[in-house]
Amino acid sequence: MVVFVIKKSNDDQFLYEASVQETNDELIAGLVAVWNKRLRLGLLVGAIRELAKYGPMKPQDEAGIDTLKEQYEGAAMEKSEFYQADPAGVRTGNGPGPQLAETLERVCSDAEAALSANLVKQRTAVSMDLLDDKLANMQGAVMMAYPMGLPAWDTVALALEGDEGLDGTQASAELMDPETATLWVASRDFQRGQKVGDRLGWNEKTKVVAKLQKSGSGPPAREPVVSEEERKAMMAHYFKRQEELKKLAEASDDDYLASSWADPKAMKKSLQGTGTIKAPGLSGLRL
């Protein structure tokens, strides 16, 4: 199988496997499905953690910090046993309680691991089956915490329903269309209507770094020649060298006369065995 490293950034990338016999249309559709599902899971991780802390979202016309609404509007806020005020004033503050919150956190951490760029280092490919499993775990945990369901306007409820639930969020701007998305490797795109092998050759044991782009975006920027770690090491070496040169420039021109190699009698002293003899009270001076 050909291994694609789909890279958005150093901290956001994943592996995907495909055959050279697949059409480019099938490849792009599969990649877009994984891309969009990862966006949904990423949004849900953050939203479910907020749900575990502060409970369901308020209706938009009731949003506001509870203490201010009580003080200035005289509003009577419903507070359950596990009430914890939402500092953003978006959620009710009525969380599900410590045990269920722990369950929600566990499924979030599990999903987060499936989105981690560390999977690339571990050479673990991402599939729709894997992501669907994480999504199902999240849905089950939410239903366990809120068996009566969440408000229809809650971000968690909307995102669990489908990609349409991402509307109005930052993630929605990054969603791809499988019909128009383009795939690029080494500044060349994969032409629709062709097979993967037409672009990369027919060796199944191929690995490439690729990028998905929206239609009309053109080729992505080239990858830097050196990594961030290499760049930092090079800069550290450069500054160290600059300091060494600066010290040499500031040193006296005749400093070398104090060096042993500049002593015209060094060979004679070495043969006589007197080169390292030091007089008492004159440490550092050579005879």
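Observations on the structure shown:
- Boolean, residue 33 is assigned to a helix (DSSP H, G or I) and surrounded by fewer than 21 Cβ atoms within 10 Å (Cβ to Cβ): yes
- Residue in region 1-30 that is least open to solvent (accessible area, probe 1.4 Å), counting only those that are assigned to a helix (DSSP H, G or I) and small (Gly, Ala, Ser): 30
- Taken over region 163-199, the criterion of being surrounded by 14 or more Cβ atoms within 10 Å (Cβ to Cβ), within 21 Å of the chain's Cα centre (by Cα) and either part of a helix (DSSP H, G or I) or basic (Lys, Arg) (or both) is satisfied by 166, 171, 172, 174.
Results for (1) within 30 Å of residue 11 (Cβ to Cβ); (2) open to solvent by 100 Å² or more (accessible area, probe 1.4 Å); (3) at pLDDT below 70, shown as yes or no for each residue.
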| position | (1), (2), (3) |
| --- | --- |
| 249 | no, no, no |
| 255 | no, no, yes |
| 272 | no, yes, no |
| 279 | no, no, yes |
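- Across region 60-68, a minimum of one residue is classified as out of contact with any His (no Cβ under 7 Å at 6 or more places or on another chain), in contact (Cβ under 8 Å) with a residue 60 or more places away in the chain and either more than 30 Å from residue 7 (Cα to Cα) or open to solvent by less than 60 Å² (accessible area, probe 1.4 Å) (or both).
- Scanning region 129-157 for residues that are among the hydrophobic types (A, V, I, L, M, F, W, C) and open to solvent by 60 Å² or more (accessible area, probe 1.4 Å) gives 143, 144, 148, 152, 153.
- Residue identified as of a type in the set (Gly, Ala, Ser), touching a helix residue (DSSP H, G or I) at 6+ places or on another chain (Cβ under 9 Å) and farther than 30 Å from residue 58 by Cα among 181, 141: 181
- Any hit, region 69-82, residues being in contact (Cβ under 8 Å) with a residue 60 or more places away in the chain, of a type outside the set (Asp, Glu) and not in a strand (DSSP E or B): no
- Taking residues in region 149-167 that are under 17 Å from residue 37 (Cβ atoms), and partners anywhere that are aliphatic (A, V, I, L, M) and part of a loop (DSSP other than H, G, I, E, B), the pairs with Cβ atoms closer than 8 Å and at least 6 places apart or on different chains are 156/150; 158/152; 163/175; 166/175.
The values are calculated or read from the model by the stated rules, or taken from the named source; none is laboratory data. Computed from a predicted model, the values in this text were never measured in an experiment. All Cβ positions, even for glycine, are placed from backbone atoms using ideal geometry, and neighbour counts span all protein chains on display. SASA here: full protein model, heavy atoms, side chains in, ligands and nucleic acids out. Shrake-Rupley method; radii C 1.70, N 1.55, O 1.52, S 1.80 Å.
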